[in-house]
1. Tell me, which residue of the stretch 274-292 that is in a helix (DSSP H, G or I) and either hydrophobic (A, V, I, L, M, F, W, C) or touching a Phe, Trp or Tyr at 6+ places or on another chain (Cβ under 7 Å) (or both) is surrounded by the fewest Cβ atoms within 10 Å (Cβ to Cβ)?
2. Being without any contact (Cβ under 8 Å) to a residue 40 or more places away in the chain, surrounded by fewer than 20 Cβ atoms within 10 Å (Cβ to Cβ), within 16 Å of the ligand (Cβ to nearest atom) and not charged (D, E, K, R): is that true of G145 here?
3. One residue is enough: does the stretch 70-86 have a residue meeting the conditions in a helix (DSSP H, G or I) and touching a residue at least 24 places away in the same chain (Cβ under 8 Å)?
4. Select, from V126, V88, the only residue that is at pLDDT below 95, surrounded by fewer than 23 Cβ atoms within 10 Å (Cβ to Cβ) and either of a type outside the set (S, T, N, Q) or more than 19 Å from the chain's Cα centre (by Cα) (or both).
5. Please identify the pairs in which a residue from the stretch 171-185 that is among the charged types (D, E, K, R) has its Cβ atom under 8 Å from the Cβ atom of a residue that is part of a loop (DSSP other than H, G, I, E, B) and within 8 Å of the ligand (Cβ to nearest atom), counting only partners at least 6 apart or on another chain.
6. Report whether or not A156 is part of a helix (DSSP H, G or I), more than 12 Å from the ligand (Cβ to nearest atom) and either at pLDDT 95 or above or surrounded by fewer than 20 Cβ atoms within 10 Å (Cβ to Cβ) (or both).
7. Can you work out which of the residues in the stretch 174-233 that are more than 19 Å from G267 (Cβ to Cβ) and acidic (D, E) is nearest to the ligand (Cβ to nearest atom)?
Amino acid sequence: MTALAAGIDVGGTKILGVVVDPEDPTTIVAAQRVPTPRGGDALLDAVTELVRALETSVGAIGVVGVGIPGLVDQDDVLRVGPNLPAVVDYPFGTAFRERLGVEVSVDNDATCAVWGEHRAGAGRDVADLVLVTLGTGIGAGIVAGGRLQHGANGFAGEPGHMIVDPHGPPCPCGRRGCWERFASGSGLGRIARDAALAGQLDRVVELAGDAELVRGEHVTAAAHEGDAGALAVIDRFAWWVALGIANLVNLLDPALVVLGGGLVEMGALLLAPTRASYDGLVMAGDRRPPVPIVVAGLGEQAGAIGAALLAADDA
Ligand SMILES: [Zn+2]
């Protein structure tokens with residue numbers, strides 16, 4: 001057996017750690033989850049303790065990969081992370097290597113996730129694929145010609161901040177009308193609240209208690225009951241999801257688009273209208289081979305498994 005690899009996926013609210021044998025990455029040898037603390041030093045402590053705890057259950061770990069939401073440069077420094085507001089220019093790579101005493105690779109979380117899907121998930125053996133995670137925000141990773149794409153600085157794959165409406169709502173990144181303002185969980189909530197305040201969502205408002213309190217989960221619940229207003233909101237939301245995917249396909253010409261993140265739990269309710277809108281939004285849709293849009297095969301573990309595999313590949 002090769003040395004075990006730990007993969008750590010740092011999320012906005014929780015940190016997931018898994019241990020895998022790189023030869024058999026879909027078998028999770030151990031997994032643990034802890035809350036994400038605030039601040040770089042506290043995050044360093046939390047990940048160190050998590051790796052130590054995983055070692056206690058599985059024995060020695062050979063390499064560690066860490067996926068962090070934000071711009072991670074080629075020296076493994078986190079430049080900025082919108083979901084880690086208290087952490088700027090933090091040299092996680094150096095700090096983790098000192099603390100853990102093993103090789104550590106640090107990368108963007110969605111970049112790790114696309115590698116996990118490419119090596120062991122829905123995109124196995126697919127040389128050209130894009131992964132888009134639809135959660136509180138939007139993350140993405142790109143594999144082109146079988147190679148993970150980092151860009152010149154390590155910052156490739158941030159389509160969540162492609163501007164799709166220059167007059168759109170403000171984004172935490174400081175600009176307006178970014179794709180993730182429309183096609184993330186918070187985007188769904190905003191589209192739904194606008195419809196609720198316009199009096200179009202009686203059943204959804206009933207479930208939420210008040211139009212101002214409407215969130216994505218209320219829309220999903222009403223849509224499962226067949227409520228026409230909720231289904232119309234999801235159609236509108238899916239159009240925005242499809243718009244960004246079509247832009248990515250126009251740019252990168254992937255063979256496959258993999259969707260991850262919490263919103264894919266909506267299943268066919270989201271996927272069917274997204275695929276339908278996509279066909280009309282991609283350039284020359286009737287002249288190109290269809291691009292399957294599928295759900296991540298590794299589910300919420302894609303980022304952690306991908307981080308472990310990246311670390312093992314780098315070793
Ligand atoms: Zn933005």
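1. So the first thing to find is which residues in the stretch 274-292 are in a helix (DSSP H, G or I), and the list is 274-281, 285-287.
Still in the list and also either hydrophobic (A, V, I, L, M, F, W, C) or touching a Phe, Trp or Tyr at 6+ places or on another chain (Cβ under 7 Å) (or both): 276-277, 281.
Working: A276: 13, S277: 21, L281: 16.
In this case the residue turns out to be A276.
2. Details: without any contact (Cβ under 8 Å) to a residue 40 or more places away in the chain: yes; surrounded by fewer than 20 Cβ atoms within 10 Å (Cβ to Cβ): yes; within 16 Å of the ligand (Cβ to nearest atom): no; not charged (D, E, K, R): yes.
Considered against the rule, which asks whether it is without any contact (Cβ under 8 Å) to a residue 40 or more places away in the chain, surrounded by fewer than 20 Cβ atoms within 10 Å (Cβ to Cβ), within 16 Å of the ligand (Cβ to nearest atom) and not charged (D, E, K, R), G145 comes out as no.
3. Within the stretch 70-86, none of the residues are in a helix (DSSP H, G or I) and touching a residue at least 24 places away in the same chain (Cβ under 8 Å).
4. Every option except V88 fails the conditions.
5. E180/C171; R181/C171
6. Here the answer is no, as A156 does not meet what is asked.
7. Top of the filtered list is E180.
The rows are residues; the columns are (1) surrounded by fewer than 17 Cβ atoms within 10 Å (Cβ to Cβ); (2) assigned to a helix (DSSP H, G or I).
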position	(1), (2)
L207	no, yes
A222	no, yes
V233	no, yes
N247	no, yes
V258	no, no
A272	yes, yes
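The values are calculated or read from the model by the stated rules, or taken from the named source; none is laboratory data. Every value quoted in this text rests on a predicted model; they were computed, and no experiment measured them. FYI the Cβ positions are ideal-geometry reconstructions off the backbone, even for glycines, and counts take in every protein chain you see.
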